[in-house]
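The values are calculated or read from the model by the stated rules, or taken from the named source; none is laboratory data. Quick caveat, the model's predicted, so the values are computed rather than measured. For neighbour counting, all protein chains shown are included, and Cβ atoms are generated from backbone atoms with ideal geometry for every residue, glycine included.
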Amino acid sequence: MAVPAADAGGVAAADYDVVIIGGGPAGAAAAITLRRYGGLRVALVERRPFDPYRPGETVSPALFPLLEYLGIAREGFERQHLRSYAHAAAWGSADLVVRDFLFTGQGSGLHLDRMAFDAMLLDEAARLGAVVLQPAELLRITPGPRWRLALRQRGCALSLSAAYVIDCSGRSSVLVRQQGCPVLQTDRMVGVYAYYPAGMARERLQQTLVETTEQGWFYLAPLPQQRTAVAFMTDAETLRGLDLLDPACWRRHGLATEHIAGLLRDLPEPQAFRQYPIHSRVARLPAQAAWTAAGDAAACFDPISSLGIGHALSSGIHAARVAHAHVGQLEGLGESYRESLLAHFKTYVQTRRGFYSSERRWPQAGFWRRRVNAVDEAVKEPG
Ligand SMILES: Cc1cc2nc3c(=O)[nH]c(=O)nc-3n(C[C@H](O)[C@H](O)[C@H](O)COP(=O)(O)OP(=O)(O)OC[C@H]3O[C@@H](n4cnc5c(N)ncnc54)[C@H](O)[C@@H]3O)c2cc1C
């Protein structure tokens, strides 16, 4: 079915089969899937232009088959990002252990240029006929026989209607919250990032470095375009206790490490300093409803797992199939999607517990105790 064109004033046509909230990898993957394989009328609403300071996600070669499904050629794609050959970690002891992607047999991973990655996926969605509204502010979303979405874009009011809505709004999880969907959250982790306008020395150029401390763990990653991100991951309460939102305190903590310190000393003043929520949680999505969620809005993971981007793409694809079935009045896929999401999260929690248990140097430290007991201490998301 042809996608209704924008009118002469640039206002998008109002009626869609599916509206997607959020234009990160999950939203873009859902839009591409719906256009490429379903031919439905799709609009995607993204509230802002992309932020140049992004965490510098590392992705494994397991991402490539998903991109291939979305019609994105590996060769062209790889050139836009920095190759990642290995992870080095001082985790469980002060010694650095290097794990090389080479031995996975799938080739190297990548340090993503997130702005380029997100823009590429949205361009592909638009090329296939999805209407991409960016930046557009979502003012109101009202359920009914058809969803009604009130938006504002460049000062103009827009009203969209849709048979189905997919929440891909990341950790904001706009619709998951609005619909009162139950969410299981296992912790309150946060990451404090400093972004530097300098690359790494050649021998360190294409690997990440992780190092634990009594209060959490440091992460250093090269970013494309000669930049570097250094982050400290800890619990919200520790962040406040150690005053780690103060860049001077944060740097002192970094300089007390064994491996990160040497690299930190050589870096210039950071360009930006950001805090991100990085807690893990999963939503119990409805089995049969005119909406679902994908990506971080559906489930999010500790960055140590490097699961986020791959999950965003695969769940975006899966959610698109659920939406397509619903629009075609075929039920049943919602339930299998929900169950696979919960099963994936359960496996992740077990793996994460095993991983954190392997650091035994500070058994009394709150951060490490909480990681191992995370599921027992599971809390419900407020609101
Ligand atoms: C510090 C940190 C480090 C990470 N490291 C890694 C890593 O190394 N490897 C990895 O694979 N993953 C990593 N991740 C996870 C990864 O970044 C996320 O899992 C991934 O971005 C999720 O994609 P998404 O599309 O679900 O959400 P997002 O990328 O968050 O996109 C959601 C979009 O929705 C938009 N939005 C929100 N609310 C609205 C609204 N009301 N209206 C319209 N639009 C809205 C937002 O502007 C945003 O663009 C990391 C995450 C963090 C925070």
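Would you check if there is a residue in the range 161-168 being within 25 Å of the chain's Cα centre (by Cα), outside the structural domain of ALA90 (by TED's automatic domain parsing), within 14 Å of the ligand (Cβ to nearest atom) and not in a strand (DSSP E or B)? Yes: one or more hits. Taking the range 52-62 as the range and being near the ligand (Cβ under 8 Å from one of its atoms) and either over 15 Å from the mean Cα position of the chain (by Cα) or not polar (S, T, N, Q) (or both) as the test, the residues that pass are ARG54, PRO55, GLY56, GLU57, VAL59. The residue that is farthest from the chain's Cα centre (by Cα), among those in the range 194-207 that are at pLDDT below 90 and within 23 Å of TRP250 (Cβ to Cβ), is ALA201.
Matching residues to (1) of a type in the set (A, V, I, L, M); (2) assigned to a loop (DSSP other than H, G, I, E, B); (3) at pLDDT 95 or above:
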{"position": "ILE141", "(1), (2), (3)": "yes, no, yes"}
{"position": "LEU149", "(1), (2), (3)": "yes, no, yes"}
{"position": "LEU175", "(1), (2), (3)": "yes, no, yes"}
{"position": "LEU209", "(1), (2), (3)": "yes, no, no"}
{"position": "THR212", "(1), (2), (3)": "no, no, yes"}
{"position": "TRP217", "(1), (2), (3)": "no, no, yes"}
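Scanning the range 171-186 for residues that are on the phi < 0 side of the Ramachandran plot, within 14 Å of the ligand (Cβ to nearest atom) and either hydroxyl-bearing (Ser, Thr, Tyr) or touching a helix residue (DSSP H, G or I) at 6+ places or on another chain (Cβ under 7 Å) (or both) turns up ARG171, SER172, VAL176. Scanning the range 309-342 for residues that are more than 16 Å from the ligand (Cβ to nearest atom), touching a residue at least 60 places away in the same chain (Cβ under 8 Å) and not basic (Lys, Arg) yields HIS324, HIS326, VAL327, LEU342. Restricting ARG48, ARG41 to residues that are near the ligand (Cβ under 9 Å from one of its atoms), more than 30 Å from ALA365 (Cβ to Cβ), modelled with pLDDT of 80 or more and of a type in the set (Lys, Arg) narrows the list to ARG48.
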